[in-house]
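Comments concern the structure below.
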Amino acid sequence: MGDSSLELVSLAACGCSAPPPEEIGETFEDNAAEKARYYARATGLPAIADDSGLVVDALDGEPGVHSSRWMGEDTPYPVKNLALLSRLEGLTETQRSARFVCVAAFAWPDGRVVTARGEHEGRISDVICGEGGFGYDPVFYSLEARETFGTLSEAQKNALSHRGRAMRALSPLITASVGP
């Protein structure tokens, strides 16, 4: 959160044991806002939440907002990654364009919410490369880093990632809404 003077605490530190809300929104914005509102109501404190996923142009945006549940919630990511490679087999690099998207939301217990979006452009690799990160990282080739997210260090990924970008964009919105 950069230079924010806000004190961030985990749900556990707040004593919140509420189960995660169901993600039924049609957009990343819907899900992030609903999760933030849900936890703000559950704790009585302002809350931050996010929703993120992989958007593949050749698949009409799939897995998109359903990224964690694509092919079933219990399907391991190595299987999902192989399915992506299979579905894109024979396509050119340009046709394999994709992006990671994250929307971060800050909500007050009264339901007000602000959101910020972060994206990272890339393409789906034609091979699985790297064991770092999680999820789709080993098949997501970053145009900026010129390698897959699966090969980046945590620090490199945080500097470039869609989630980091969303959180950095959210920070001044929070500061402007609550004051210094």
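All of the numbers you see were taken from the coordinates with simple rules; none came from a lab. Predicted model only: the values in this text are computed from it and were never measured. Cβ sites come from the backbone with ideal geometry, for glycine too, and all protein chains shown count toward neighbours.
General observations
- Dividing the summed -39500 (n - 2.57) terms of all DSSP H runs of n ≥ 4 by the residue count of the chain sets its mean residue ellipticity at 222 nm at -9000 deg cm²/dmol.
- Here r is the Cβ-Cβ distance between Leu11 and Ala169 and R0 is 30 Å; the resulting FRET efficiency, rounded to 0.05, is 0.85.
- Computed over region 69-133: relative contact order in percent, which uses C-alpha pairs under 8 Å that are six or more apart: 32 percent
- Only Lys, Arg (+1) and Asp, Glu (-1) charged, at Cβ; the chain dipole about Cα centre in debye: 340 debye
- Share of pairwise Cα separations in region 28-178, more than 23 Å, in percent: 39 percent
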